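Here is the structure we will look at.
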Amino acid sequence: MQESNVFEYTVLRLVPRVEREEFINIGVILFCKKKKFLGLRYEVNENKIKAIAGEEVCLDTIKEHLKSFERITNGDKCFSLIASYDLAERYRWLTAKRSTIIQTSATHAGVTANPAETLEKIYNEQVL
């Protein structure tokens, strides 16, 4: 029997005009406490972003914000105090509700034997 581990994930959304509440999925964050796993996958698909936001949005700014998410996920302590928190605290910080251009969905849960493979699967289903 294959080991099952509880995981949580949230979808990263790009919300170019917060007042309109339109968004596109751009990434996934997955946390599995038992496997000590916190992972992030994202994509800046310029064509999709321009289709929903036009030329109003600055792609460099989006990339900078996502790079910040990545550094915190990876525990880059030189980048931020938040990156020095334990995995669960970092996940909670990354998935906290925001009213900015990068937002997160509700948190969802499941079970997995391999968190990295599950992250890829969810990313392919929700983002690509």
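Pick out, in residue order, every one of the chymotrypsin sites (Phe, Trp or Tyr not before Pro) in region 42-108 that is DSSP loop and has at most 15 other C-beta atoms within 10 Å; say none if there are none.
Hits after loop and neighbour filter: 79.
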Rounded to the nearest 5, the percent of antiparallel DSSP beta bridges in region 5-126 equals 100 percent
Computed, not fitted: 222 nm per-residue ellipticity of the chain from DSSP H runs ≥ 4 (each -39500 (n - 2.57)), nearest 500, equal to -10000 deg cm²/dmol
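Over 23 Å between Cα atoms: which of 36/121; 34/63; 48/121; 34/67; 50/121 fall into that group? Could the numbers behind the result be given before it?
Values: 36/121 19 Å; 34/63 31 Å; 48/121 21 Å; 34/67 26 Å; 50/121 26 Å.
From 36/121; 34/63; 48/121; 34/67; 50/121, over 23 Å: 34/63; 34/67; 50/121.
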Residues other than residue 5 with Cβ under 15 Å of its Cβ, Lys/Arg counted +1 and Asp/Glu -1, net out at +2
Over all pairs of different Cα atoms in the chain, the reciprocal of the mean inverse distance gives a Kirkwood radius in Å of 15.1 Å
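Any read-out appearing in this document is the output of simple, stated calculations on the displayed coordinates, not a laboratory observation. None of these values were measured; they are calculated from a predicted model. Neighbour counts are summed over all protein chains in view; Cβ atoms, including those assigned to glycine, are modelled from backbone coordinates with ideal geometry.
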